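Below is one structure, written out as structure tokens; the observations come after it.
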Amino acid sequence: MVKRYFDLLSAFVASVLLSPLLLLIACSIKCDDGGPALFTQVRVGMRKRPFRIYKFRTMQNGRVTRVGHWLRSTGLDELPQLVNVLRGDMSVIGPRPLTHADVERLGWHAPAYALRWSVRPGIIGLAQLYAGRGARLSWFLDRSYVT
């Protein structure tokens, strides 16, 4: 319960403080290519329940946009996930949410990985710090967070 209050308070404060930046980013995306500022995708959440994750859109027609490249390199494309935290779909800190395809590809639907699905996914997770180092390390880091 304390973690949820921390999540709500930090997401609310961050949303208020960062609102000018969020607006600037949304306008930059719109000016860059005329498309919508937000992108949504179905991810697997706590108890393997699907939810829609919000991100700033970084691609147009399968290619990363100029603004999108900058957003990805700074991690600012993840900021709309503060809405997911406020809605209760995500936490500030936790294992990153995966797509159904990623869960299948990694084999993380098996009972041995049940612990991972007992917590809300997070905007920030330990596995992000070691991105690209393999599924086994990601699982170990996710598990170390959960336990």
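The values are calculated or read from the model by the stated rules, or taken from the named source; none is laboratory data. Only a predicted model underlies this, so the values are computations on that prediction, with no experimental measurement involved. Positions of Cβ are backbone-derived with ideal geometry, glycine not excepted, and every protein chain shown enters the neighbour counts.
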Please go through region 105-130 and pick out each residue that is farther than 13 Å from VAL44 by Cα, touching a Lys or Arg at 6+ places or on another chain (Cβ under 8 Å) and in a loop (DSSP other than H, G, I, E, B).
GLY125
Of the residues ARG43, ARG4, which is over 11 Å from the mean Cα position of the chain (by Cα) and within 23 Å of SER118 (Cβ to Cβ)?
ARG4
For LYS55, work out the one condition from (1) over 22 Å from ARG116 (Cβ atoms); (2) in contact with a helix residue (DSSP H, G or I) (Cβ under 6 Å, 6 or more places away or on another chain) it doesn't fulfil.
(1)
I'm told MET46 meets every condition in (1) under 30 Å from HIS109 (Cβ atoms); (2) without any contact (Cβ under 8 Å) to a residue 24 or more places away in the chain; (3) among the aliphatic types (A, V, I, L, M) except one. Can you identify the failing condition by its number?
(2)
Against the condition out of contact with any Ser or Thr (no Cβ under 7 Å at 6 or more places or on another chain), exposed (fewer than 13 other Cβ atoms within 10 Å of the Cβ) and over 18 Å from LEU8 (Cα atoms), how does SER28 come out, does it pass?
no
Can ILE124 be described as in contact with a Phe, Trp or Tyr (Cβ under 8 Å, 6 or more places away or on another chain), surrounded by fewer than 20 Cβ atoms within 10 Å (Cβ to Cβ) and at pLDDT below 95?
no
